[in-house]
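Read the figures in this text as sums done on the coordinates, not as results from a lab. Every value quoted in this text rests on a predicted model; they were computed, and no experiment measured them. Methodologically, a virtual Cβ is constructed for each residue, glycine included, from the backbone with ideal geometry; neighbour enumeration extends over all protein chains shown.
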Amino acid sequence: MEGNITMRKIYKVCPCIVRRLPGGYQILCFWHPLGGKQIPKGTVEEGEEIDVAALRELKEESGIKGVKIKSKVGIINRYIGARPRENGPLEHHEWHVFLIDATEDLSETWQHEAVGSEDEQGLIFSYFWQNMPDDYNGFHPKFVEVFKRVEEHLGLRQIS
């Protein structure tokens, strides 16, 4: 990497609620009015523990509270920002992916007004359940990577 490019590390959390049905597994997702199909995800605040951030982000983006982390799936790295020949910040996003135990029955679909982030404050997220495994059309490749890691963690996919 060239010496004039700085890299900032940002910690992200991706709390995944998965449910098992007689026909297979589903993972909780939502339609973001500006960003398309997504999984709940957000930034760890300064001084905040990563597991606490996962539960906070889930509550802010979905309204779900009173849940616990079942297990940590792993870490996914994403590099965004300046290209090698550009003069600008490069960011290393370290996504911490968790499986969350849903202690309440969740609806098939619902809407939630996001809180917390200035960029998302007041946006309405429309929640739905995505079948797993699937081809995940319409999701950003980084979310597809999350799906695959969760599938591996659950034994639905061979580790590649």
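Within segment 7-154, what percent of beta bridges assigned by DSSP are antiparallel, to the nearest 5? Walk me through the intermediate numbers first.
Details: 32 of 44 bridges.
The antiparallel proportion sits near 75 percent.
Mind scanning 41/70; 12/65; 65/142 and naming the pairs with a C-alpha gap bigger than 23 Å? Don't jump to the answer; show the numbers that get you there.
Values: 41/70 17 Å; 12/65 19 Å; 65/142 25 Å.
Beyond 23 Å: 65/142.
Any idea what angle helix 141-154 forms with the longest principal axis of the chain, computed on alpha-carbon atoms, 0 to 90 degrees, nearest 10?
50 degrees
Comparing 52, 13, 150, which has the greatest mean-square fluctuation in the GNM of the chain with Cα pairs linked when under 10 Å apart?
The residue with the greatest mean-square fluctuation here is 52.
Could you tell me how many degrees, from 0 to 90 and to the nearest 10, lie between the Cα long axis of helix 50-62 and the main elongation axis, the longest principal axis, of the Cα atoms of the chain?
60 degrees
Taking neighbour counts of Cβ atoms within 10 Å as a proxy for exposure, in what order, fewest first, do 109, 43 appear?
109, 43
Report P(r) for segment 1-74: all Cα-Cα distances, bin width 5 Å, range 0 to the bin holding the largest distance, values in whole percent.
Each 5 Å bin holds this share of Cα pairs: 3, 13, 20, 22, 16, 11, 7, 5, 2, 1, 0.
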